[in-house]
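Peer 1: Shown below is the structure under consideration.
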Amino acid sequence: MIELTGVTKDYALGKTTIHALRGVDLTIETGEFVTVAGPSGCGKTTLLNIVGCIDKPTGGDVLFSGTDITSLVDRDEAKLRLERIGFVFQSFNLIPVLTVLENIEFPAVLAGTPRAERREYIDYLLCEVGLREYGRHKPDELSGGQRQRVSIARALVNRPDLVIADEPTANLDSETGRRILDLMKRLNTDDGVTFLFSTHDPEVMEYAGRVIRLRDGLVEAA
């Protein structure tokens, strides 16, 4: 599904250049459950953003199902993200004026999913993440862990081929974290959804089929 060859990413910080990725070579097969691990600042989030078409590399090639995503125009990137990629952000990125149900539903509306179909699946997702009774609440009425669960349900609503998750259990208690990981593992096993995580959580690493370790912008082990 994903192939990175010689991928670099530099950021300018004043007169200093930060080399976030220094030449990453990496392949992720369809249906894998992969965790990216490593110390803070090693390039985990940068790698996820490039794979997810949120950021572009400075150099190198990135293929998604054979398509060179580094050459896509903004409209095609947005279409790919909407139809094939689900995101779980550390900062949640929920829309404050929308309810929990509406936040989850929003990508499905953009994708043109019929209302009855999307509402049925959202009800299932709300049950799975333990938030069925919170569908009419706004994000500021929720705890951090509850907001994270909304973010996870939203990432799954369009039944993506790939889910990218940046520290998905960071704001969850251990029981809820296990429930979420069990749901994702079930989607991976039963539906073939590919998962790509970054994490510091040893329990998340235990769920993974493969752990990719980054250090100083390079793959240390895969």
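All of the numbers you see were taken from the coordinates with simple rules; none came from a lab. Keep in mind it's a predicted model, so treat the numbers as computed, not measured. Cβ sites come from the backbone with ideal geometry, for glycine too, and all protein chains shown count toward neighbours.
Peer 1: Of the listed values (1) 1.01; (2) 0.96; (3) 1.22, identify the label whose number matches Cα Rg over 2.2 N^0.38 Å calculated from this model.
Peer 2: Among (1) 1.01; (2) 0.96; (3) 1.22, the one calculated here is (1).
Peer 1: State, to one decimal in nm, how far the label point of Arg136 lies from the label point of Arg22, with both points 7 Å from Cα in the Cβ direction.
Peer 2: Simple spin-label model gives 5.6 nm for this pair.
Peer 1: For Leu218 and Glu120, compute 0.36 nm times the residue count separating them, minus their Cα-Cα distance, and round to one decimal in nm.
Peer 2: That works out to 31.0 nm of additional length.
Peer 1: From Cα pairs below 8 angstrom and at least 6 apart in sequence, can you work out the relative contact order of the chain, rounded to a whole percent?
Peer 2: 31 percent
Peer 1: For the stretch 1-93, report the translational diffusion coefficient in µm²/s to the nearest whole number, using Stokes-Einstein at 20 °C, 1.002 mPa s, and a Kirkwood Rh over Cα pairs.
Peer 2: Using the Kirkwood radius from Cα pairs, D works out to 152 µm²/s.
Peer 1: Subtracting the Cα-Cα distance from 0.36 nm times the residue separation, let me have the gained length for Thr8 to Glu206 in nm, one decimal.
Peer 2: The Thr8-Glu206 span can extend by a further 68.4 nm.
Peer 1: Restricting to the chain, compute how many DSSP beta bridges are antiparallel as a %, nearest 5.
Peer 2: Given both bridge residues lie in the chain, the antiparallel proportion sits at roughly 55 percent.
Peer 1: Charges at C-beta only: +1 for Lys and Arg, -1 for Asp and Glu. How large is the resulting dipole of the stretch 24-132 about its Cα centre, in Debye rounded to 20?
Peer 2: About 300 debye.
Peer 1: What number, rounded to the nearest 500 deg cm²/dmol, is the helix-based mean residue ellipticity at 222 nm of the chain, given -39500 (n - 2.57) per DSSP H run of at least four residues and division by all its residues?
Peer 2: So the calculated ellipticity at 222 nm is -11000 deg cm²/dmol.
Peer 1: Using only alpha carbon pairs under 8 Å that are at least six residues apart, calculate the relative contact order of the stretch 1-57 and give it in whole percent.
Peer 2: Averaging sequence separation for qualifying contacts and normalising by length gives 34 percent for the stretch 1-57.
Peer 1: Multiply the residue gap between Arg178 and Arg159 by 0.36 nm, knock off their C-alpha separation, and tell me the result in nm, one decimal place.
Peer 2: Residue separation times 0.36 nm, minus the Cα-Cα distance, leaves 4.8 nm.
Peer 1: How are the Cα pair distances of the stretch 106-167 distributed, in percent, across 10 Å bins from 0?
Peer 2: Per 10 Å bin, starting at 0, the Cα pair percentages come out as 20, 54, 25, 0.
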